[in-house]
Amino acid sequence: SFKPLVFSGIQPTGNLHLGNYLGAIKRWLDLQDSHECLYCIVDMHALTVNPDPVELMQFTREVTAAFLASGIDPKKSIVFNQSRVRQHAELAWVFNCVARMGWLNRMTQFKDKAGKDRENASAGLFVYPNLMAADILLYRATHVPVGDDQKQHLELTRDVAQKFNNDYSDRIASLGIGVDMQVGDEQVSGFFPLTEPMISGPAMRIMSLRDGTKKMSKSDPSDLSRINLVDDADTIAKKIRKAKTDPEALPSDVEGLAGRPEADNLVGIYAALSGTDKETVIRDFGGRQFSDFKPALADLAVARLSPITEEMRRISGDQAYVDSVLKDGGERASVLAEETMRHVRDIIGF
Ligand code: ADP
Ligand code: NA
């Protein structure tokens with residue numbers, strides 16, 4: 001079987017926020033000891049929206065600093081930026097030829113990100129899920145810890161792996177490089193694993209502080225909608241104070257959060273930051289007004305985030321160190337990537 005390997009990434013597009021931290025980075029920490037982990041700054045994904053080159057470099061270093069400040073250990077995990085490892089682009093091209101137009105047409109993130117002017121979106125934005133499949137399968141990663149917003153892309157990754165395994169099954173068998181795996185009730189052999197999402201806990205999806213029906217996002221034009229990892233204590237407190245809520249007090253049980261997206265979101269954030277669950281938060285705060293709960297949440301957020309913010313500043317000041325981490329990570333990732341690509345070239349007849 002495949003050895004447990006984790007891949008996950010974040011785009012260097014600035015405004016790294018609480019959703020990225022709780023939905024991704026914080027959950028990566030625990031995996032470092034039990035799995036081989038690759039944590040990637042996916043600058044090639046950022047290119048799909050044509051960023052300014054100087055900003056792209058700056059944000060790549062900023063996200064790297066955020067990883068390290070949060071406790072990602074570059075000795076345990078491989079930390080690198082995607083564009084350093086050319087095999088990502090190479091495998092993405094192969095997958096452009098494996099994935100079907102119909103699959104990509106169903107992706108909701110493309111529709112969201114392209115907006116009304118679809119004719120003017122980059123072709124890269126459209127095939128983005130194929131590059132994401134390449135990121136994951138280049139390392140034959142078995143597990144991907146992502147927020148629940150990425151579920152659809154991960155299903156596409158599995159579809160790509162399965163179609164590749166099927167299309168080339170004879171060739172994979174004759175080269176003797178298939179790996180046995182369980183698919184449903186069936187025992188099959190394939191080259192790429194069917195990667196599992198690791199989506200769990202209260203931080204599945206952190207919503208905007210201004211609109212409980214939209215996810216907290218880097219690209220939301222309202223800065224009040226998100227808590228940025230670089231926000232200072234006063235800014236965090238202000239954003240939580242101004243967070244949209246309904247006029248009711250907190251319910252006395254978690255079921256009472258149903259149909260109250262803003263209350264549910266704030267309780268979920270509290271649970272994720274304190275490492276508990278919504279039940280525990282409601283046990284402590286059920287029946288209380290938001291005017292009580294919000295300051296407690298603000299204090300907790302500041303206590304958890306300010307050490308990270310400070311450490312991020314310190315690490316960002318040492319550009320040579322940040323660059324050396326990326327260079328070393330890129331070299332280690334390249335070795336693994338080339339191992340896979342050598343086989344892929346053999347399989348497809350290059
Ligand atoms: P964004 O969607 O803000 O541009 P990315 O696409 O770079 O962020 O996502 C990076 C990681 O952060 C992914 O694993 C994604 O699932 C997670 N993530 C992003 N936004 C949220 C959110 N609001 N709640 C939980 N996880 C999130
Ligand atoms: Na995302």
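The values are calculated or read from the model by the stated rules, or taken from the named source; none is laboratory data. Please read all numbers here as calculations on a predicted model, not as lab measurements. Counting neighbours? That spans all protein chains shown, and the Cβs are built from the backbone with ideal geometry, glycine included.
Condition check ((1) within 13 Å of ligand 1 (Cβ to nearest atom); (2) within 13 Å of Phe7 (Cα to Cα)) across all residues:
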{"residue": "Gln87", "(1), (2)": "no, no"}
{"residue": "Asn120", "(1), (2)": "no, no"}
{"residue": "Phe126", "(1), (2)": "no, no"}
{"residue": "Met132", "(1), (2)": "yes, yes"}
{"residue": "Thr142", "(1), (2)": "no, yes"}
{"residue": "His153", "(1), (2)": "yes, no"}
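Looking across the stretch 217-257, the residues that are away from ligand 2 (no atom under 16 Å from the Cβ), assigned to a loop (DSSP other than H, G, I, E, B) and either touching an Asp or Glu at 6+ places or on another chain (Cβ under 6 Å) or closer than 30 Å to Gly115 by Cα (or both) come down to Pro221, Ser222, Ile227, Val230, Asp231, Lys242, Ala243, Lys244, Thr245, Asp246.
Note on the stretch 142-198: residues that are within 16 Å of ligand 2 (Cβ to nearest atom) and touching a strand residue (DSSP E or B) at 6+ places or on another chain (Cβ under 9 Å) total 13. The listed residues are Val98, Val85, and the only one of them that is crowded, with 24+ Cβ neighbours inside 10 Å and in contact with a helix residue (DSSP H, G or I) (Cβ under 6 Å, 6 or more places away or on another chain) turns out to be Val85. Selection over the stretch 272-290 of residues that are small (Gly, Ala, Ser), farther than 24 Å from Leu229 by Cα and surrounded by fewer than 14 Cβ atoms within 10 Å (Cβ to Cβ) gives a count of 1.
Pairs are defined by a Cβ separation below 6 Å, a sequence spacing of at least 6 or placement on different chains, a first member in the stretch 65-80 that is in contact (Cβ under 8 Å) with a residue 12 or more places away in the chain, and a second member that is among the small types (Gly, Ala, Ser); the pairs so defined are Ala65/Ser316; Ile78/Gly329; Ile78/Ala333; Val79/Gly329; Phe80/Gly329; Phe80/Gly330; Phe80/Ala333. When restricted to residues that are within 16 Å of ligand 2 (Cβ to nearest atom), out of contact with any Leu (no Cβ under 8 Å at 6 or more places or on another chain) and among the hydrophobic types (A, V, I, L, M, F, W, C), the stretch 1-41 contains 4. Taking the stretch 113-139 as the range and being of a type in the set (D, E, K, R) and more than 17 Å from the chain's Cα centre (by Cα) as the test, the residues that pass are Lys116, Asp117, Arg118, Glu119.
Scanning the stretch 204-226 turns up one or more residues that are under 30 Å from Arg314 (Cβ atoms), crowded, with 21+ Cβ neighbours inside 10 Å, among the aliphatic types (A, V, I, L, M) and touching a strand residue (DSSP E or B) at 6+ places or on another chain (Cβ under 9 Å).
May I ask you to list the residues in the stretch 52-69 that are of a type outside the set (A, V, I, L, M) and crowded, with 19+ Cβ neighbours inside 10 Å?
Just the residues of the stretch 52-69 that are of a type outside the set (A, V, I, L, M), to begin with: 52-53, 55, 58-62, 64, 67.
Phe59, Thr60, Arg61, Glu62, Thr64, Phe67 - these are the residues of the stretch 52-69 that are of a type outside the set (A, V, I, L, M) and crowded, with 19+ Cβ neighbours inside 10 Å.
Collect the residues in the stretch 1-11 that are hydrophobic (A, V, I, L, M, F, W, C), assigned to a loop (DSSP other than H, G, I, E, B) and in contact with a helix residue (DSSP H, G or I) (Cβ under 7 Å, 6 or more places away or on another chain), keeping them in residue-number order.
The first filter runs over the stretch 1-11 and keeps only residues hydrophobic (A, V, I, L, M, F, W, C), leaving 2, 5-7, 10.
So of that shortlist, the ones also assigned to a loop (DSSP other than H, G, I, E, B) come out as 2.
None - no residue of the stretch 1-11 is hydrophobic (A, V, I, L, M, F, W, C), assigned to a loop (DSSP other than H, G, I, E, B) and in contact with a helix residue (DSSP H, G or I) (Cβ under 7 Å, 6 or more places away or on another chain), so the list stays empty.
Checked against (1) in a loop (DSSP other than H, G, I, E, B); (2) among the hydrophobic types (A, V, I, L, M, F, W, C); (3) within 16 Å of ligand 2 (Cβ to nearest atom), Leu131 passes all but a single condition, namely (1). Please name all residue pairs, on different chains or six or more residues apart, with Cβ atoms under 6 Å, provided the first residue is in the stretch 116-131 and is closer than 16 Å to Met101 by Cβ and the second residue is hydroxyl-bearing (Ser, Thr, Tyr). Matching pairs, first to second residue: Gly124/Thr48; Leu125/Thr48; Tyr128/Thr48. Here is the figure for the stretch 12-70: residues that are hydroxyl-bearing (Ser, Thr, Tyr), in a helix (DSSP H, G or I) and either modelled with pLDDT of 95 or more or more than 12 Å from ligand 1 (Cβ to nearest atom) (or both) total 4.
Please enumerate the residues belonging to the stretch 200-216 that are within 17 Å of Leu273 (Cα to Cα) and either more than 16 Å from ligand 2 (Cβ to nearest atom) or part of a loop (DSSP other than H, G, I, E, B) (or both).
Kept after step one, since they are within 17 Å of Leu273 (Cα to Cα), are these residues of the stretch 200-216: 200-209, 216.
Selection gives Ser200, Gly201, Pro202, Ala203, Met204, Arg205, Ile206, Ser208, Leu209, Met216.
Contact annotation: residue pairs with Cβ atoms under 7 Å, 6 or more positions apart or on different chains, pairing a residue in the stretch 291-309 that is farther than 19 Å from Thr280 by Cα with a partner that is hydrophobic (A, V, I, L, M, F, W, C) and crowded, with 20+ Cβ neighbours inside 10 Å, are Val302/Ile236; Leu305/Leu229; Leu305/Ile236; Ile308/Ala69; Ile308/Leu229; Thr309/Leu229.
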